[in-house]
Amino acid sequence: MKPERLISLDAFRGFTIAGMILVNNPGSWGHIYPQLAHASWHGWTFTDFIFPFFLWIVGVSMTFSFAVRRTKGDNNKKLILGVLRRSAIIFGLGLFLTGFPFGLLWGHNFNIDTIRIPGVLQRIAICYLIASFMYLYLSLRAQIIAIGVLFISYTMMMFYIPIPEFGAGLFEKGKNFASYIDSILLTGHMWSASKTWDPEGIISTIPAIASTLFGALVGDYLRTSEHSKIEKSTWLFTFGAGFLLLGTIFDMWMPINKSLWTVSYTIFMAGWAMCIFGIFYFLIDAKGIKRWAYPLTVYGMNAIFVFVLSGVAARTMGMWKWNVQLSDGSYADVSIKTILTQNLFDPYFSALNASLMHAIVWISVMYLVVWVMYKKKWFVKV
């Protein structure tokens, strides 16, 4: 029997991708509300919810996807071949976004020898690949043990392996074991803003795999449990609250930190994912109240496509420049993004709100694209 599609999961995915587009596309990076920027280091903001939510959603989704494939007669070997193909495509899309526009636009220097290798889609691909193997070949008990092994391995490395100059056990920016490994293995291929470490680096990917497995555990419960949908909603809220409490306790020992993807951050954000998704599941699947979530569902059905489209379009607008006359009579090369923000929003809003309005309009434009695709039943899958 084909598993029932979770409309709430599509809507939650849409909520997450809309949030990512919102925080990635301000009119000015110098004017951003604090919640729409990452925490400076330790701590968290709304923006720090987005990436772990994506990984958690990947985990939930893959349990339903595998179940559908199994109803068509696919065995684990065929499922893994599909996972390998999708992981390669997602990783490739990540590299494409990193390299775009490949030196073709003004002011963009492209060098394959220094291209950033880690990234958002790259991490999603790696976590999806490894979590899929664990889900398909390990029992439920073994999956839970695997999460513990991931956490213990990460903790032992971060707390007890000394690095030159700084020793062991530090979680400061650029002075920790994860940063040290990035600086050795990813030299010349890291995020340009951080230079000596990468927020999607090697060691921090270890607990990120657990974020995906947490989603898989939830997905398996929702798919196989005979509990009512109301009971499942209660389960999501209860376990979500428990994870929030546990993450808060762990924060006293290992700080909540997105860039390091600490154990406390992983658990804390899994708790938020369960609680917020629980609201979606309760309203949409348990109570049948769906109309409010239509725009989010539209977004969620083409999430990867709109993520890539938004990234390409935003970078093009930021790098494509025109020579325009400034208020003092001089001329300068100004990006299309800046021209639009200065003419459409700056005259009518404060600097912060003008920047926010640019992001909101950008979300609306992207929505129009995926709405047309939704109406025509064009769903881009990898």
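The values are calculated or read from the model by the stated rules, or taken from the named source; none is laboratory data. Keep in mind that this is a model prediction, so the values were computed, not measured. Cβ placement follows ideal geometry from the backbone for every residue including glycine, while neighbour counts extend to all protein chains displayed.
Points worth noting:
- Picking from residues in region 229-261 that are in a helix (DSSP H, G or I) and of a type in the set (A, V, I, L, M), the one that is farthest from ILE50 (Cα to Cα) is ILE230.
- Matching residues, region 156-175, being crowded, with 16+ Cβ neighbours inside 10 Å, under 21 Å from ASP251 (Cα atoms) and in contact (Cβ under 8 Å) with a residue 12 or more places away in the chain: MET157, MET158, PHE171, LYS173
- Residue satisfying all of: in region 21-48; crowded, with 22+ Cβ neighbours inside 10 Å and in contact with a Ser or Thr (Cβ under 8 Å, 6 or more places away or on another chain); farthest from MET301 (Cα to Cα) among these: GLY27
- Residue ID - farthest from ILE112 (Cα to Cα), chosen from residues in region 168-203 that are in contact with a strand residue (DSSP E or B) (Cβ under 9 Å, 6 or more places away or on another chain) and outside any loop (DSSP other than H, G, I, E, B): PHE177
- Condition met for GLU226 (surrounded by fewer than 15 Cβ atoms within 10 Å (Cβ to Cβ), outside any loop (DSSP other than H, G, I, E, B), without any contact (Cβ under 8 Å) to a residue 60 or more places away in the chain and not aliphatic (A, V, I, L, M)): no
- Scan of region 284-342 for residues that are out of contact with any Leu (no Cβ under 9 Å at 6 or more places or on another chain) and among the β-branched types (Val, Ile, Thr), ordered by number: THR297, VAL298, VAL306, VAL324, ILE336, THR338, ILE339, THR341
- Pick from region 198-212, criterion surrounded by fewer than 24 Cβ atoms within 10 Å (Cβ to Cβ) and out of contact with any Phe, Trp or Tyr (no Cβ under 7 Å at 6 or more places or on another chain), ranking: modelled with the highest pLDDT: THR205
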